[in-house]
Structure formats: C-alpha cells, structure tokens
1. Using the Karplus curve 6.51 cos²θ - 1.76 cosθ + 1.60 with θ = phi - 60°, work out ³J(HN,Hα) for each residue of the stretch 110-123 in order, rounded to whole Hz, and write x for Gly and Pro.
2. 5 Å is the cut-off here: which amide hydrogens, built 1.01 Å from N in the peptide plane, fall below it relative to residue 174, excluding neighbours closer than 5 in sequence?
3. Can you tell me how much longer the chain between residue 52 and residue 98 gets when fully stretched, taken as 0.36 nm per residue apart minus their C-alpha distance, in nm with one decimal?
4. Taking 0.36 nm per residue of sequence separation and subtracting the Cα-Cα distance, how much length would be gained by fully extending the chain between residue 2 and residue 216, in nm to one decimal?
5. Please state the charge dipole magnitude for the chain, taken about the Cα centre, from unit charges on C-beta atoms (+1 on K and R, -1 on D and E), reported in debye and rounded to the nearest 20.
6. Report, ordered by chain and residue number, the lysines lying within cross-link reach of residue 69, taken as a straight Cα distance under 21 Å and ignoring same-chain residues fewer than 8 apart.
7. How would you classify the stretch 84-178 from its alpha-carbon gyration tensor, with a ≥ b ≥ c the square roots of the eigenvalues: rounded for a/c under 1.5, else prolate if a/b is greater than b/c, otherwise oblate?
8. If the only charges are +1 at each Lys and Arg Cβ and -1 at each Asp and Glu Cβ, what is the size of the charge dipole of the stretch 128-189 around the Cα centre, to the nearest 20 debye?
Amino acid sequence: MHVIAPSILSANFARLGEEVVNVIAAGADWIHFDVMDNHYVPNLTIGPLVCEAIRPLTSAPIDVHLMVKPVDRIIPDFARAGANIITFHPEASEHVDRTLALIHESGCQAGLVFNPATPLHHMEHVMDKLDIVLLMSVNPGFGGQKFIPSTLAKLQAARARIDAHQREGGRRIRLEVDGGVKVDNIAEVARAGADAFVAGSAVFGAASDSDANRYDTVIAALRRQLEQA
Ligand code: DX5
Ligand code: ZN
C-alpha cells in the first residue's frame, strides 16, 4: 500500500535507461518524472520524448509531475508517450477542472500538486476528479533540498479531507509527498498520512555509477522504516 517513487531528476541522465531499469529492479514501485520549463519553475528538464524513450524499459507506472505553465497543451503528448499518472500545479492552469478532465480523457490518472504555500482548498470542488494529491515538501525546481517540517501538519490535514471524502462514498485518493524524503524522516512522513513517497537524491545519491545495487539497500531501508511506521 506504500508506494516508493524514485525521482529520476537525480539519476545519471547519460545512462537514464539503465538507471530506470536498475531502480525498478531494486524494488521501486513508480518512476517519478519531473518536468520543468524554466518558466513556472527556474529549471529545465525532460519532456515527452524522454518519457517515450524510457516507456519500453519498464512496466512500472510513470508518474509525471508537471512543473510547467501552461499545462493543457502538453498533456496529450505525455499520455501518448506512456505516462500513467499526470499531476499539475493549480496555479499553472487557468481551468483546473478542465485540465483534470483532459488528463482523464487522455487515459491517465490525474492529480493536483500543492506547493508549500498553496492552500489545500484548491482540492475542494474537484475531489471527485482526483486520483492523487501531491504535497510538495520543498519549493519545486530542484532535487536535493531540505524537507520543510510544516508539511507534516499539512499532510495530516490533507489525509483528513481525503478520508472524509472516502467515507462519504468518494473515490480513493492517494496522498503523495515530494521533496527531501530520506530514510531518517520517511516514517514520520508516513505517520502524518502520506502513502506515496517521492525520493530523488535519497535513492540516486546513494550509489556511485559502478555500484547500482546500492539502490536495493536504500529502497529496503526506506521500506523498513515504512513497515515500522
Ligand atoms: C522538485 C521535484 C522533486 C525532486 C525531489 O521540484 O519535484 O521530485 O526531484 O528530489 P529530492 O528527493 O532530492 O528532494
Ligand atoms: Zn516531483
């Protein structure tokens, strides 16, 4: 029930295919795919072509985190490139409800991403259209930042809303967290209510190029912490 989603932002891009294969073989559940446009966030990363290139290498879900503005134009491209989950920031879409519908029409699961300062009320009138809620525990744009502690209280609040929605007969919504998640804080993050965990530098920073099996060690350590939580 706990999903570990390594962010390939911290992978070795010169050997990206191998990195994807190795991290899934090491026990990861999803591939977290960070898309940045040097406009909505101050960094530039990867797009649908790269998604299409890694798609044949794994059957694991590809979790596309869009940090781009606008969002609608690029969504069908990612769906065609093999994305399974597409999340976006409400500030980056003029019509949040329409964007969620577009993701579903494209055949993917849909979710909203909340920056550290973005209030949770953005989810209020679209709960029935969400498969996933992603709380940023760092400001988006870079890997390797420090977990912002106030995210724990925000996770509890999001968990309460999601559980209430489900009790009222609503759909099951995953609660994902992204930024600064490590072996030493993942248990606390899980206790606050998260059930999907992005980890970039914690996973890919753990191995030197010659030692890809270190991914097993760190993913097993993350899972052990989750079992104890
Ligand atoms: C930040 C990205 C994250 C990032 C996480 O904008 O959305 O997915 O790669 O990296 P770590 O785990 O190193 O904070
Ligand atoms: Zn991300």
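Just so you know, all these numbers are worked out from the coordinates, no wet-lab data involved. Not measured: the values here are computed from a predicted model. Cβ sites come from the backbone with ideal geometry, for glycine too, and all protein chains shown count toward neighbours.
1. 10, x, 9, 10, 10, 5, x, 9, 7, x, 6, 5, 4, 8
2. Answer set, sorted by chain and number: 132, 133.
3. Numbers: separation 46, 0.36 × 46 = 16.56 nm, distance 2.48 nm.
Extending this stretch completely gives an extra 14.1 nm.
4. 75.4 nm
5. So the dipole magnitude of the chain works out to roughly 340 debye.
6. 129
7. Since a/c reaches 1.5 but b/c is at least a/b, the shape of the stretch 84-178 is classed as oblate.
8. On the way: 10 positive and 8 negative charges, 20 e Å.
Around 100 debye, computed over the stretch 128-189.
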